[in-house]
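Just so you know, all these numbers are worked out from the coordinates, no wet-lab data involved. All values reported here derive from a predicted model rather than from experimental measurement. Cβ coordinates were reconstructed from backbone atoms using ideal geometry, including for glycine residues, and neighbour counts include every protein chain displayed.
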Amino acid sequence: MKRSSAFLPSAVSPTVLCIYLIISPTPVVMAADTSSVWLEEIVVSSRKREENLQTVPDAITAFSERAIESAGIEKVDDFLALTPNFEIRNDQQPGVFTMTVRGVSQVRNGEPPVAFVIDGVTLPSVNAFTQDLYDVERIEVLKGPQGALYGRNAIGGAINVITKQPSNELEGFVKARAGKGNDFKVSAGVSGAIVEDKILARVSGYYHNSDGLLNNVYLNQDADWEESGGFRARVVTYLNDNLTLDVRGSYNKLEAGSAYYVNTESTFIGNAVGIIQSDVAGEADVEMWDISAKLDWETSAGTLTSITGYNDVYELNYQDIDWTPISFLEGYLLDDVQGFTQEIRFTSPSDQRFRWFVGSFYQNIDKYRLTDAYVNLNFILNGDGDPADKILVPAAYAPQEQDYVTYSLFGQINYDITDQLELTLALRWDRDERNDFQANAIPGGLASSATFEEIQPKVSLAYKPNDDLLLYATAARGYRPGGFNPPNTIQDAYGKETLNSYELGVKSTLAEGRVRFNAAAFYVDYSNQQFFLLEVTPSGGLVQLLANGQSSETYGFEAELTASVLDGLDLAAGFGYTDGKIKDFGSFATFPGGTDRFDGNKLPNTSKYTLNLSVQYTLPLNDELNLVSRIDFRRMGKTYWALDNVDTQGGYNLVDLRMGIENDAWRLTAYGKNVFDVKYTEQAFIKEFSGFVTDTAWPSKPASWGIEGSYKF
């Protein structure tokens with residue numbers, strides 16, 4: 001019998017959307033601006049040059065500055081919730097996620113399936129996803145392998161975040177929010193010229209404090225509290241008419257409750273089910289800073305661009321690891337990651353039939369990770385009559401040092417065969433050299449090294465019969481390098497994975513620009529897919545490790561519709577369907593009697609479908625003031641948590657609401673998130689794949705509400 005999550009989803013009928021439309025006031029035509037929030041022209045830079053979204057033969061979900069503000073987007077998971085076939089699940093602490101796009105997922109202890117790029121710099125650590133999004137101009141979410149341009153880890157797609165450029169005129173903003181759980185956040189920024197038309201600067205920052213919404217019933221205190229803050233500074237210098245220097249730096253600090261897992265079944269100790277009851281209050285401290293410099297030199301032949309970046313992410317996580325009221329096990333996890341990136345490319349002018357660019361990429365990442373666990377013996381008295389000290393578990397003490405060096409050459413050609421037919425050829429060569437030192441694997445430590453190489457091509461043919469229609473076909477290859485398992489496993493390394501993706505798509509603008517409809521169908525042939533396993537060693541012990549399967553496949557489609565139904569009434573909808581399965585799991589020579597027990601199973605952490613629907617109505621109150629109402633509905637399909645396809649999260653619905661008044665300078669908005677208080681599991685640890693004595697889960701956040709205001713000048 002299959003087991004379902006202990007957090008049963010509450011069903012909310014989509015008819016609430018119809019009710020909303022019925023009770024909305026009848027649109028009236030007035031002088032106030034009620035133009036569509038979604039149908040404005042969006043320029044993207046996903047192919048390393050600025051292009052109209054509707055002319056790029058890729059599946060891209062893009063968010064303009066106006067769309068970001070209207071949806072209240074502040075975190076990575078906010079905009080991915082509005083992206084079909086893209087799933088993100090909170091895990092371990094605020095800002096730590098696991099992601100799946102079109103069935104390509106991030107396995108535990110593995111690397112993400114997408115490249116995350118901020119202002120042209122590829123971030124070196126998945127922990128960098130923690131940072132808040134503020135003062136952002138545009139977000140681009142690319143689906144399907146993007147390795148030809150973005151390199152390793154873009155096997156499932158890429159996320160481009162473009163922050164706001166400094167301005168010549170003095171401008172700025174201030175924004176504040178207060179909500180349930182003593183949630184308070186303020187952000188502000190200012191921009192202007194230091195030397196008019198020559199040196200422009202922009203500075204922005206934020207502060208966030210929240211008591212949280214989830215209670216640890218044993219400690220009688222909030223479990224998901226958070227205090228964070230950060231700032232960003234950017235200076236653009238026009239050295240002459242052809243030479244521009246763009247320097248950017250940022251700093252972010254996060255302290256938050258972490259590891260507030262719940263048990264989803266009872267054990268021999270009689271623990272409660274479905275509540276947070278740890279005797280240890282988990283805490284995470286994360287500190288990030290980065291600096292980058294972009295130099296553009298325009299010549300008659302094209303533009304030479306150099307992008308240099310350095311990132312540092314430090315994280316310390318202290319947590320209960322038995323997740324019960326029993327004072328027994330606690331542990332620490334420390335991650336320290338530094339990354340240096342250098343990219344150089346030369347781009348031809350855009351106003352010609354034959355367009356191209358070539359480039360090189362270098363990245364050096366140094367990682368240090370330390371995990372340890374302690375047995376708490378405070379229930380035993382020592383010789384002085386005091387509680388005994390906790391004891392380090394030797395096998396759990398696992399310091400690990402890693403050094404990754406990546407070299408890449410890449411290029412792309414765009415050729416207009418006719419005025420209606422464009423051919424795109426892209427190619428990238430990646431070489432990843434990885435060194436690993438595990439201090440506790442054997443006496444004296446264990447040093448390992450591996451090199452992974454891959455050529456990632458991409459071919460697209462785009463046909464544009466008229467200005468409002470684009471048809472395209474794309475074939476692309478994606479790659480994610482292998483790596484090293486933590487100390488004390490019996491398979492110290494795992495290999496690279498590759499996939500070949502085939503996609504057919506359409507982009508269209510209808511009804512004289514009032515409707516935009518984009519869709520794509522895809523098939524993915526996966527080789528050596530990386531999986532997270534718990535295996536029994538020949539001696540009878542248990543080990544967690546990453547290992548490669550043989551072959552998998554995924555197919556599906558996605559569609560996005562945006563429409564200006566009436567003056568002031570906008571609709572945006574997205575639907576994604578993904579069916580992924582393991583064709584040949586293979587066997588592992590490390591384990592006698594290797595098995596094919598997962599052949600034919602569905603890929604874990606992949607919802608069969610995603611649905612998002614947003615309706616926004618703007619009612620002019622007078623010539624300057626609008627009343628804006630918005631509802632966001634999201635439906636997630638059934639998800640298998642592990643390879644055995646036993647434990648599942650059933651489908652569930654989420655509804656968010658926003659209503660406020662605004663004009664060109666200010667807005668005041670009341671909001672509600674998960675307004676029907678749906679309970680579901682964000683992430684699950686299944687005992688057959690974790691080694692724990694019970695299944696554990698990361699609980700969802702309950703309903704919340706608040707009010708926010710902003711002012712621009």
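Is the shape of region 78-165 rounded, prolate or oblate, going by the alpha carbon gyration tensor and its root eigenvalues a ≥ b ≥ c, with a/c under 1.5 for rounded and a/b larger than b/c for prolate? Note, shape of region 78-165 comes out rounded. Rounded to the nearest Å, what's the spacing between the alpha carbon centres of region 309-365 and region 55-74? Just the number, please. With region 309-365 and region 55-74 each reduced to a Cα centre, they are spaced 23 Å. Taking 7 Å steps out from each Cα toward its Cβ at N240 and N168 produces label points 2.0 nm apart.
Relative contact order for the chain: what percent, with Cα pairs under 8 Å and sequence separation of 6 or more? Write out the running numbers ahead of the final one.
Working: 2067 pairs, mean separation 95.6, N = 713.
Taking the mean separation of contacting Cα pairs over the length of the chain, I get 13 percent.
Only the Cβ atoms of Lys and Arg (+1) and of Asp and Glu (-1) were treated as charged; on that basis the dipole of the chain about its Cα centre amounts to roughly 1480 debye. If the chain linking S527 and F346 were pulled fully straight, counting 0.36 nm for each residue of separation and taking away their Cα-Cα distance, it would gain 61.8 nm.
In this model, which of K638/K673; K48/K458; K75/K367; K75/K701 are farther than 20 Å apart at the alpha-carbon? All intermediate terms of the calculation are to be shown ahead of the outcome.
Working: K638/K673 22 Å; K48/K458 15 Å; K75/K367 25 Å; K75/K701 15 Å.
Beyond 20 Å between Cα atoms: K638/K673; K75/K367.
Which of M636, M659 comes first, and how do the rest follow, when ranked by fewest Cβ neighbours within 10 Å?
Values: M636 21, M659 15.
Exposure proxy ranking, most exposed first: M659, M636.
For Rg and Dmax of the Cα atoms in Å, the candidate list reads [x] 34.2, 103; [y] 25.7, 89; [z] 28.2, 96; the entry that matches the value derived from this model is [y]. Between M659 and N109, the modelled label-to-label distance comes to 5.1 nm, taking each label 7 Å out from Cα in the direction of the beta carbon. Compactness check for region 53-95: Cα Rg over 2.2 N^0.38 Å is 1.35. Computed from the C-beta positions of N364 and D419, the FRET efficiency with R₀ = 45 Å rounds to 0.50. In order along region 155-171, phi translates into HN-Hα couplings of 5, x, x, 8, 10, 10, 10, 10, 7, 6, 6, x, 10, 7, 8, 5, 8 Hz, rounded to whole numbers, per the Karplus curve 6.51 cos²θ - 1.76 cosθ + 1.60 with θ = phi - 60° and x for Gly and Pro. Per-residue ellipticity at 222 nm computed for the chain from its helices equals -1000 deg cm²/dmol, with DSSP H segments shorter than 4 residues left out and the rest contributing -39,500 (n - 2.57). Cβ-to-Cβ counts within 10 Å put V174, V262 in ascending order as V174, V262, the fewest first.
In percent, what relative contact order does region 409-470 have, based on Cα pairs under 8 Å that are 6 or more apart in sequence? Please report the intermediate quantities before stating the final value.
Details: 103 pairs, mean separation 21.4, N = 62.
The normalised contact order for region 409-470 reaches 34 percent.
Please give the FRET efficiency for A176 paired with V247, using the beta carbon to beta carbon distance and R0 = 51 Å, rounded to the nearest 0.05. Calculated value: 0.95.
Computed from phi, the 3J(HN,Hα) profile of region 652-667 under the Karplus parametrisation 6.51, -1.76, 1.60 (θ = phi - 60°) reads 8, 10, 10, 10, 10, 10, 9, 8, x, 10, 7, 9, 5, 9, 9, 8 Hz, with x in place of Gly and Pro. Using only alpha-carbon positions in region 390-519, the gyration tensor eigenvalues give semi-axes of 48, 18, 10 Å once each is multiplied by 5 and square-rooted (largest first).
Can you compute the label reach from D389? Point 7 Å from Cα along the Cβ direction, backbone N cut-off under 16 Å, restricted to region 303-326. The answer is none.
Between Q221 and S508, the modelled label-to-label distance comes to 5.9 nm, taking each label 7 Å out from Cα in the direction of the beta carbon.
Using a Förster distance of 30 Å, how high is the FRET efficiency between W289 and R353, based on the Cβ-Cβ distance and rounded to 0.05? Before the final figure, lay out each step's value.
Numbers: r = 44 Å, r/R0 = 1.47.
Using R0 = 30 Å, I get an efficiency of 0.10.
Using a cutoff of 8 angstrom between alpha carbon atoms and counting only pairs six or more residues apart, the relative contact order for region 180-236 works out to 35 percent. The slack in the chain from F517 to D644, taken as 0.36 nm per residue of separation less the alpha-carbon distance, amounts to 42.0 nm.
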